[in-house]
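Below is one structure, written out as structure tokens; the observations come after it.
FYI, it's all coordinate maths here, none of it is from the lab. Here the structure is a predicted model, which is why all the values come from computation and not from measurement. Cβ placement follows ideal geometry from the backbone for every residue including glycine, while neighbour counts extend to all protein chains displayed.
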Amino acid sequence: MQSKVKTNNIDDTHLDENKEFSHQTLIKDKNGMDGLYAKYVLSVLTLVHVFNFLDRQILTILAEDIKTDLGLSDGDLGFLAGTAFAVFYAIFGIPLGRLADKWHRIKMVSLGLGFWSLMTGLSGTVKNFGSLAAFRFGVGVGEASATPAIYSILYDYFSPRIRTTVLAVYNSGLYIGMGLGLFLGGSVLDSWNGSWPDSSLAPFGLKGWQVAFTVVGLPGLLLALWVATLREPSRDLGDGLVSSSSVPIRPIRFFLTEMLPMIPLVNLWLLRRTGAKAGVLIVNIAVGGMFFLAAFLLTDLTGDSLQWKALALGYYCAFSWIQSLRSHDPVCFNLVFRCKTLVYLYIGVGLLVFTGAAWGFWSVPYLQRYYGMSSGELGTVMGLSIALAGVLGVLIGGVVADKLRLRTQRGKLYVAFIANIASLAVLNSVLLTEQLAMAYLLNFLHFLFTPMAHAPLTSTVTDLTIPRTRAVAVSLYIMITIFLGAALGPYFVGLLSDVAVAKGMGSGEALRQGMLWGLVPQAIGMLFLALAIKHLPTDEGNILLRARALGEKI
């Protein structure tokens, strides 16, 4: 077998060993892969993704009302939008991703959807910051069950030749959900507040933002029942590979087993029990100490104790789990963390998400403050813009990436790189214009360009794994990008805005300055994306060789 691979075409020598892969894939196509039922499943799961981001994004349009009613700061809002959701999403995403590689994925998605929809609906009952934060924790836990399992499902329903396009269709739900969240939230706010300006006279004394949470949350419970009727696909056969035979598991016990390595002190006992050397335990304790020391210093600097304690706990739990993964599944660990392309993608996309998450949350409050727009108008204009531009962008990106992939092995990442360069230029222009109409147009372009990168990036992550480690690789991708991006971006921009306001700056201008600084991580992230592009051909060309060398029977 030849060890060198070309870097300009996917039909290179490293694919010769995959003749069995291609043959079995063709057989699977004849038996119904990519067929009508697969498309039906894709439609339903895309609707799940719509609800995922509908429930997540609703907070954006409600932020100003919540801030006023609960007496919150911009830093508090950033915590609710970022850290409160992201830490629990990331921590629970790992064991749930492992469970998705072992258990019934359709059941996981159905149960997770029902749980996060309930948490969103209950957010409408809160009276204080603590209660709202707790329900945001719950939304994060529920939503962590969805994406890794769904990616794995779709990879078993569709053949490799159209997977990027399939993921693009699925990811279109993200932007439909974001747009609907803004549109419905704004409409409910204006309608309710217009009918009952005095909330004490409203039914049950509810305010508009409380009703909005309930309206968008409860329908997800019905969708969860629909999802439960879908058929679980055969695992791995979509890739023409046969991994080690699976063993029936008890899902709750397996989940708890995967969670235990994240629990402080328990993790040390488990490491010791599995024969870890003293040096491994010392490293764990030292890293944990550094995280919590940093949290103490940052709390002293910013006064936001909950933000930094939650983040330190999340980082430490993630580090402990990765140490455990290295011990009990060295094949999975090495396939992920010794793949340069994956490591660079994890870091680079995390920095891109920092800017994207900050913009996704603060763009509406910025337009409200800077231009004095109403929630109803902004919800309509921004909601429809995000939905339309996002769907177009993600579909264009997926189709172009699949076609460019036929010409060059780096095609998918080229699309992602160009899309993010264009997005960065547009975001900078939004914050420099003084004209509302131009700001609307530029926001539309941002939500057209940014989604073009989603399917190429996520499908590249799954391309660089073997089937049984796919959900874990996606979970790690989500966890790392969330801890670098979503958990920090909204909070960081909100903190800078609070600092500027404390110095006497107007709230609109203060938020604009914070958002300008929030563009810097995306520029840095582009450098890591360029490194991933450089290493992709080699890393993708030797996946099976590396897996077999590590002892995997495929």
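Calculated on the alpha-carbon coordinates, the convex hull of the stretch 288-364 measures out at 117 cubic angstrom per residue. Considering only alpha-carbon pairs that sit under 8 angstrom and 6 or more positions apart, the relative contact order computed for the chain is 26 percent.
Binning all Cα-Cα separations of the chain at 20 Å, short to long from zero, yields these whole-percent fractions: 22, 57, 21, 1. Using Cα atoms only, what is the angle between the long axis of helix 163-195 and the major principal axis of the chain, expressed in degrees (0 to 90) to the nearest 10? The angle comes out near 20 degrees. Once divided by 2.2 N^0.38 Å, the Cα radius of gyration of the stretch 362-473 becomes 1.27. Dimensions of the stretch 174-228 along the principal axes, based on C-alpha atoms and rounded to the nearest Å, stand at 41, 23, 11, largest first.
Find the relative contact order for the stretch 52-199 and round it to a whole percent, using C-alpha pairs within less than 8 Å whose residues are 6+ positions apart. Please list the in-between numbers first.
Details: 144 pairs, mean separation 57.6, N = 148.
That works out to 39 percent.
Each helix, a run of at least 4 DSSP H residues, gives -39500 (n - 2.57); summed and divided by the residues of the chain, these come to -25000 deg cm²/dmol at 222 nm. Return the tail of the calculated pair distribution for the stretch 181-311, meaning the percent of Cα-Cα pairs more than 18 Å apart. Of the Cα pairs, 78 percent sit more than 18 Å apart.
In whole angstrom, how far apart do the alpha carbon centroids of the stretch 248-287 and the stretch 429-498 sit? Distance between centres, Cα-based: 31 Å. Per residue, the average separation of C-alpha pairs within less than 8 Å and at least 6 apart gives the stretch 385-491 a relative contact order of 34 percent. Stokes-Einstein diffusion for the stretch 284-429, with the hydrodynamic radius set to the Kirkwood value over Cα pairs and evaluated at 37 °C in a medium of 0.692 mPa s, equals 170 µm²/s. Summed over all non-identical Cα pairs, the Kirkwood treatment of the stretch 238-367 gives a radius of 17.8 Å. Taking Cα atoms only, the orientation of helix 411-432 departs from the longest principal axis of the chain by about 10 degrees.
Projecting the alpha carbon convex hull of the stretch 466-554 along each direction and taking the average yields 7.4 nm².
Mind putting a number on the dipole of the chain about its Cα centre? Charges go on the C-beta only, +1 for Lys and Arg and -1 for Asp and Glu, and I need it in Debye to the nearest 20. Each step should come with its number before you reach the end.
Working: 42 positive and 34 negative charges, 354 e Å.
I would put it at about 1700 debye.
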